[in-house]
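Working notes for the structure below.
Read-outs throughout are calculated quantities, based only on the coordinates presented, and are distinct from any laboratory measurement. Keep in mind it's a predicted model, so treat the numbers as computed, not measured. Positions of Cβ are backbone-derived with ideal geometry, glycine not excepted, and every protein chain shown enters the neighbour counts.
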Amino acid sequence: MVKKIKNLKEYSTANERFEGSHLMCPGCAHTIIVRELMNCTDDNLVIGCNTGCLEVGTAVYPYTSWDTSWIHIGFENAASAIAGSEAMYKTLKRKGKLKDPDAPVKFVVFAGDGSTYDIGFQWLSGAVERGHDFTYICLDNEVYANTGGQRSSATPIGASTTTSPAGRVSYGEKQNKKDLIAIMAAHGAPYVAQVAPNKWKDMLKKLQKSLKTKGPVFLNAMSPCTTEWKFAPNETIDISDLAVDSLVFPLFEIENGTKLTINYRPKNVIPVKEYLAAQGRFKHLFKKGNEHIIKEWQKRVDQYWEYLQRREEAGV
């Protein structure tokens, strides 16, 4: 019997497939996002996990938080490992060697922004280009949080990190964040989207849509990091609210590389500076001489939002 994807009501009473006894930081959004995916379906899941916070904190030998098939692979190549698993599964199914060939099996990767935007980008690009049937979820906390808080190409301009520190001669990170969603859409992936843990219904629907989509899917999940973003552990959802309501992290999806749909439009858009002010990694931007960085932030966010709206209206 083919198992169906749960609706929201069924999801709320689902059995846990991701155990809470792990070593992730209090307030870490990674675990919120992972739990949403693990519980939103009854399908068999094969999870690939790059080296990073999630892998280190949830699989301390001989213990594990994963109540599913789970593969830990190198920092760079979870996409290759899951692509190989998916190819093997299709081969075994074609040869009639599976005990239950009709049981749905979904292949999923969880990886941080360092292993996605940077170290593992070519492996992800190759797996998507080959058209493997899997869902890749980037847990985007905009920094190499597991290895010392170094900047990645997901780190936004002005952020202070251990390799782009703010001080008397620097305002922090000099580069703007890479637009990986656009890059993955340009690969021709049938579905890409941005999700955030505070908008859990939107995230859940996109996760379920991803599992139903044939071919490579890419989700960029904003994952506020209490340690490196420097906010209190009980403020994770508040920070997420500020991110989406300031349009710093807009929620939208792109289907078949062209059709863009905005999924959330804030009723009251807040200034970007309110989002920045809530995080210690940006506190230096409010000192005299750095005002231009906040202005640049606001200008870029406004321009990108206008671009998304124009593209949605044009239907491309």
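Rundown of residues vs (1) under 20 Å from CYS28 (Cβ atoms); (2) among the charged types (D, E, K, R); (3) surrounded by fewer than 24 Cβ atoms within 10 Å (Cβ to Cβ), yes/no style:
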{"site": "GLY112", "(1), (2), (3)": "yes, no, no"}
{"site": "GLY120", "(1), (2), (3)": "no, no, no"}
{"site": "ASP133", "(1), (2), (3)": "no, yes, yes"}
{"site": "ASN141", "(1), (2), (3)": "yes, no, no"}
{"site": "ASN146", "(1), (2), (3)": "yes, no, yes"}
{"site": "SER153", "(1), (2), (3)": "no, no, yes"}
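How many residues, within the stretch 27-67, are closer than 18 Å to ASP202 by Cβ and more than 14 Å from the chain's Cα centre (by Cα)?
4
Which one of these does GLY257 not meet: (1) part of a loop (DSSP other than H, G, I, E, B); (2) within 27 Å of LYS174 (Cα to Cα); (3) among the small types (Gly, Ala, Ser)?
Condition not satisfied by GLY257: (2).
Working only within the stretch 49-88, note down all residues that are aromatic (Phe, Trp, Tyr) and farther than 15 Å from GLY114 by Cα. Working first, answer last.
Initially, the stretch 49-88 is screened for residues aromatic (Phe, Trp, Tyr), giving 61, 63, 66, 70, 75.
Selection gives TYR61, TYR63, TRP66, TRP70.
For the stretch 211-263, name all the residues that are touching a helix residue (DSSP H, G or I) at 6+ places or on another chain (Cβ under 8 Å), more than 12 Å from CYS28 (Cβ to Cβ) and of a type in the set (Gly, Ala, Ser).
ALA221, ALA232, SER240, ALA243, SER246, GLY257
Checking the condition in a helix (DSSP H, G or I) and buried (at least 18 other Cβ atoms within 10 Å of the Cβ), which residue from ALA221, ALA243 passes?
ALA243
When the residues of the stretch 41-58 are narrowed to those that are in a strand (DSSP E or B) and out of contact with any helix residue (DSSP H, G or I) (no Cβ under 6 Å at 6 or more places or on another chain), which ends up surrounded by the fewest Cβ atoms within 10 Å (Cβ to Cβ)?
Among residues in the stretch 41-58 that are in a strand (DSSP E or B) and out of contact with any helix residue (DSSP H, G or I) (no Cβ under 6 Å at 6 or more places or on another chain), the one surrounded by the fewest Cβ atoms within 10 Å (Cβ to Cβ) is ASN44.
Among the numbered criteria (1) surrounded by fewer than 18 Cβ atoms within 10 Å (Cβ to Cβ); (2) in a loop (DSSP other than H, G, I, E, B), which single criterion is violated by THR227?
With (1) surrounded by fewer than 18 Cβ atoms within 10 Å (Cβ to Cβ); (2) in a loop (DSSP other than H, G, I, E, B) applied to THR227, the lone miss is (2).
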